[in-house]
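As structure tokens, the structure follows; a few thoughts come after it.
What follows draws every value from the coordinates through simple rules; no lab data is involved. Since the structure is predicted, the reported quantities are computational estimates derived from the model, not experimental observations. All Cβ positions, even for glycine, are placed from backbone atoms using ideal geometry, and neighbour counts span all protein chains on display.
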Amino acid sequence: MTVPVVARPKPLQLVDTRVYVVNKDNYEQFVKQFTDENGELAYVALAIKDYENLALNIADIKRFIEQQNEIIVYYESAMKKEDEDGTEKP
Amino acid sequence: MLSKVLIGVLIAMLGMGYWYYTTTQKRISILTENNVKLEVAAKVSEDSIKALTKQAETNQKLTLQLQNDLQKAEAYGDNLRKKLRELDLLADAIRDASNLEGRMNGATAKLWRDFMESSGNSTDVPLPNWLQSDSRKGNTSSNPDTKSDSTSSSEAQTSPAG
């Protein structure tokens, strides 16, 4: 059975995100700078441990996407070889 | 009388000879035909074996390549876990917040670019302003001896322009 190789999905177009590291010593400076830059003092805070967990979660998602990608490449290569050989895979 | 018997025997022998000849010829013809068929079948089998062997070799190569690539994909997470074990981010945050912030933002920017690249986006996206010129931060690159990539959930629109 021959299956046409379909186009890959549109590539990712990600936007940058900024992290602020705040402790009691630089908190006032952070408040001032943040308010100057964003107009309002409203932010999402993460504990260091949660930041680590978030990073680990993203790393695992990255691993999964890359492995899925490799599996797609594997199937594409197998299909290509099949076409070249003119043989059919079971 | 004897000659008639001899003639009869001779005729019978000739008949038998003729029968033997035609039967043998027919058998030879059938066997030749079978031989040709067997040769063709053997050739087909041989070709099939060659094709299957080649296919098996190709599959083995592709499978090995896949195993290697799957293993490679584990490297980033393994490396990150190792770094997080080795580092004490809390202590780093207390000791030098801006240095840690720079490292985090650098790693975050690198992570997003890695994602884009692995999805097929080859655009060279410039680093954000806060990584290019912010003196408040420490190391702004994705420092290899730092941790991770952040995943700050703040949206792009809310990101300050440093």
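Quick notes on this one:
- Cα-only radius of gyration and Dmax that characterise the range B:88-132, units Å: 13.2, 39
- In a DSSP loop and with at most 10 other Cβ atoms within 10 Å, the trypsin sites (Lys or Arg not before Pro) in the range A:1-44 are A:K24.
- 0 to 90° range, to nearest 10: angle between helix A:48-85 axis and chain A longest Cα axis: 20
- When the pairs A:K10/A:K49; B:K4/B:K26; A:K80/B:K110; A:K10/B:K110 are compared against a 22 Å limit on Cα-Cα distance, A:K10/A:K49; B:K4/B:K26; A:K80/B:K110 fall above it.
- Adding -39500 (n - 2.57) for every DSSP H run of four residues or longer, then dividing by how many residues chain A holds, sets the calculated 222 nm ellipticity at -19500 deg cm²/dmol.
- Taken residue by residue and averaged, Cβ atoms of other chains lying within 10 Å of the Cβ of B:21-31 number 0.
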